[in-house]
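Student: Sharing a structure below in C-alpha cells format, with a few things to ask.
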Amino acid sequence: MNSVYEPGRPLLADAGTDEVQRTYRRITWRLLPFLFLAYMINSIDRINISFAKLRMAEDLALSDAAYGLGAAAFFVGYLLFEVPSNLYMQRVGARLTIMRIMVLWGLVTIGTSLVGSATGLYIARFLLGVAEAGFFPGVILYLTYWFPAARRGRITSVFIMAGIFAGIVSGPLAGWIMTHFHGWAGLRDWQALFVLEGVPAVLLGLFAWFWLDDKPHGVSWLSAREKAIVQAQLASEHAAGGGSHASFRHLLRDPRVLMAGLVFFCIYSGTNTVAYWMPTLIQSLGLTDLGRIGLVSSLPYCIALVAMYLLGRSSDKHLERRWHLALTMFTGAACFLLLGLFQGNLPLSLAFMSLGAAACLSAVPLFWTIPPAYLSGPLAAGGIALISTLGGIAAMIAPVLVGAVKTRTGSLFVAFDVIAGLLVLGALVLLLGIPARLLRERGKPD
C-alpha cells in the first residue's frame, strides 16, 4: 500500500488484505505463545490432583467421596471470585491481573504438598480456586481487545488447545515425577509432584509483567498504522453489533445468558469428570502402573487436539456455531453410554472413553465463540464471567456427584451415564433455546 497514514483516519477502506493479515500475524505471534503456555501450565496444575490421588489417597485416608469433595473445593473459591476478578481486570489491566493470578496459583500449588489430612486438602483446593479465579474468562475477554469476532474462533481454539497439550503431557509427566522423585528432599511422590509443577507458574507469572500489554493502542511493537487497523476493525464490529445498553443486573435476568450458562454447565460436567476421574477409571479397567496410566490418559487429548482444530476451522469457515457444538456434545454422550455397555472389553472401553473425552474437550472452544457474538461493550466482561460462573457450578457439583456414585455403587460407569444425559440436555437447550440469529457474525475474516 502506498497511501500515507493520517492519525484518526479510518483504515478499513485503504488497508489491503495482506496488510491486515500481517498485522494480525504479528499480534498472534506476540500474544498467543505466552497465553498458550500459561493455560497449559494452568491446566496441569489444576488436574495434577487426579494423578496425585492415586498415591495420596492412602497417605491421607481419602475415600472416593472425600476426593470428590477435595476436587470440588477448588471451584467454590473459583466461582466466588471469578466475576470480581474479571471486572477488576478492566480497572487494573490484563498484565497485572495475569501476573497476580499466576504467581498466586503457583505458590498455592507448591503449598498443597504440605497438606496432611482431608481437611487440609479441602483448604488448599479452595485457596487454589481463589488464586486462579478469573484467569480463563479474563483471557477470553482479553482476546476481544485484540481480535474481531471473525478471527476469534480460530484464536480461541488454538488457545484452548493448550489444555489439550497439557492433557497429553500431564499424565506422562506426573507418572515420571512420581516414579523418579519419590523421596526427593524428603518428599513423598505426590508431594514432589505439587512442588515441581507449581514453580513454573510463579516464574511465568513474573515474566508476564514484562511481556504482556493491556490493549493495542499502548504497545511499542506495533506501528501507528497497525494499531489503527486493529482499532478500526474492532470499532467497526462494535458499531455493527449495535452495542448493549442493559445494566449488569439485567444480565441476571437475560435468558440468553442463563441458557448459555446452562449449556456450559452441561459441557463442563463432562470435561471435569474427564479431568478428575479418568486416571481412576483407567486404573479400574485393570491398569495399575503409573507410567502406563499416564500414557493412556494422554490418548483422549491427542484425539481432541485434532478435533478441536478441525471443528474450529469448519465453524469459522461456515460461520456456524450451534450445530457444530450440538453434534460434538451428542457424540460425547453416545460414547459415554457405550462405555458402560462395553466395560468388560478393554480395547473398546478405552476407545469409547477416549472419543467421549475428546468430544467433551472439543466442545469447550466451540462454546466460547458463542457468548462474545452477542455480548459487547461494557457488558462483555460481566457477561462472559457470569456465563463462566453459571457453567462452572458444574465443576463444583460433578466431582462430588461422581465420587458419591462411585462410593455408593462401586462403579464409575453409572456416573458417566449421568454425564451423558447432561450432554444431551445441553445440546437440546443450545438448539432450541439459543436462536441462530443471535450468533450471526459481524463480518467475515479478511
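Student: Arranged from highest to lowest average of other beta-carbon atoms within 10 Å per residue, in what order do the peptides 206-215, 272-281, 81-90 appear? Intermediate results must be reported in sequence, preceding the final value.
Tutor: Details: 206-215: 15.5, 272-281: 25.8, 81-90: 19.8.
With the highest mean Cβ count within 10 Å placed first, the list reads 272-281, 81-90, 206-215.
Student: Run the numbers for Ser117 and Lys317: contour at 0.36 nm per residue of separation, minus the present Cα-Cα distance, in nm.
Tutor: Values: separation 200, 0.36 × 200 = 72.00 nm, distance 5.13 nm.
Computed gain between Ser117 and Lys317 is 66.9 nm.
Student: So, one more: Could you grab the Rg to Rh ratio for the chain? Cα atoms only, Kirkwood for Rh.
Tutor: Details: Rg = 21.8 Å, Rh = 22.4 Å.
Value, to two decimals: 0.98.
Student: Report the FRET efficiency, 1/(1 + (r/R0)^6), for Asp417 and Leu203, where r is their Cβ-Cβ distance and R0 is 45 Å, rounded to 0.05.
Tutor: Details: r = 42 Å, r/R0 = 0.94.
Here the calculated transfer efficiency is 0.60.
Student: In a shell of Cβ-Cβ distance under 14 Å around Asp64, excluding Asp64 itself, what net charge do Lys and Arg (+1) and Asp and Glu (-1) give? Mind showing how you got there, number by number?
Tutor: Details: positive: Lys53, Lys406, Arg408; negative: Glu58.
Residues near Asp64 contribute +2 overall.
Student: Separate question: Can you compute the modelled spin-label distance between Arg25 and Asn345, with each label point 7 Å from Cα toward Cβ, in nm?
Tutor: If labels sit at Arg25 and Asn345, their model points lie 4.8 nm apart.
Student: Which order do peptides 360-370, 166-176 fall in by mean Cβ count within 10 Å, highest first? Could you put the intermediate results ahead of the total?
Tutor: Details: 360-370: 26.8, 166-176: 22.5.
Result, highest mean Cβ count within 10 Å first: 360-370, 166-176.
Student: Rounded to the nearest 500, what is the chain's calculated 222 nm mean residue ellipticity when only DSSP H runs of at least 4 contribute -39500 (n - 2.57) each, over all residues?
Tutor: Computed mean residue ellipticity for the chain: -27000 deg cm²/dmol.
Student: Sticking with this structure for a sec: Please list, in order along the stretch 362-371, the HN-Hα scalar couplings obtained from phi with the Karplus expression 6.51 cos²θ - 1.76 cosθ + 1.60 (θ = phi - 60°), rounded to whole Hz, x for Gly and Pro.
Tutor: Karplus values, whole Hz, x for Gly and Pro: 5, 5, 5, x, 4, 4, 6, 7, 7, x.
Student: Sticking with this structure for a sec: Which residues' amide hydrogens lie under 5 Å from the amide hydrogen of Leu212, considering only partners 5 or more residues apart or on another chain, with H built in the peptide plane?
Tutor: none
Student: Same structure again: Taking the Cα centre of the stretch 17-439 as origin, work out the dipole magnitude from +1 charges on Lys and Arg Cβ and -1 charges on Asp and Glu Cβ, in debye rounded to 20.
Tutor: The calculated dipole for the stretch 17-439 is roughly 840 debye.
Student: Based on the Cβ-Cβ distance from Ala436 to Trp184, what FRET efficiency comes out when R0 is 45 Å, to the nearest 0.05? Let's see the in-between values first.
Tutor: Values: r = 55 Å, r/R0 = 1.23.
Calculated value: 0.25.
Student: Quote to one decimal, in nm, the extra length available between Arg408 and Asp289 on full extension: 0.36 nm per residue of separation minus the C-alpha distance between them. Spell out each step's value before the answer.
Tutor: Numbers: separation 119, 0.36 × 119 = 42.84 nm, distance 2.59 nm.
Between Arg408 and Asp289, full extension yields 40.2 nm more.
Student: Sorted by average packing, counted as other Cβ atoms within 10 angstrom per residue and highest first, what order do 292-298, 345-351 take?
Tutor: Values: 292-298: 21.1, 345-351: 14.9.
By packing density, highest mean first, the sequence is 292-298, 345-351.
The numbers here are math on the coordinates, done by the rules we state, and not lab data. Everything numeric here is computed off the predicted structure, so don't read it as measured data. Virtual Cβ from ideal backbone geometry, glycine too; neighbours counted across all protein chains shown.
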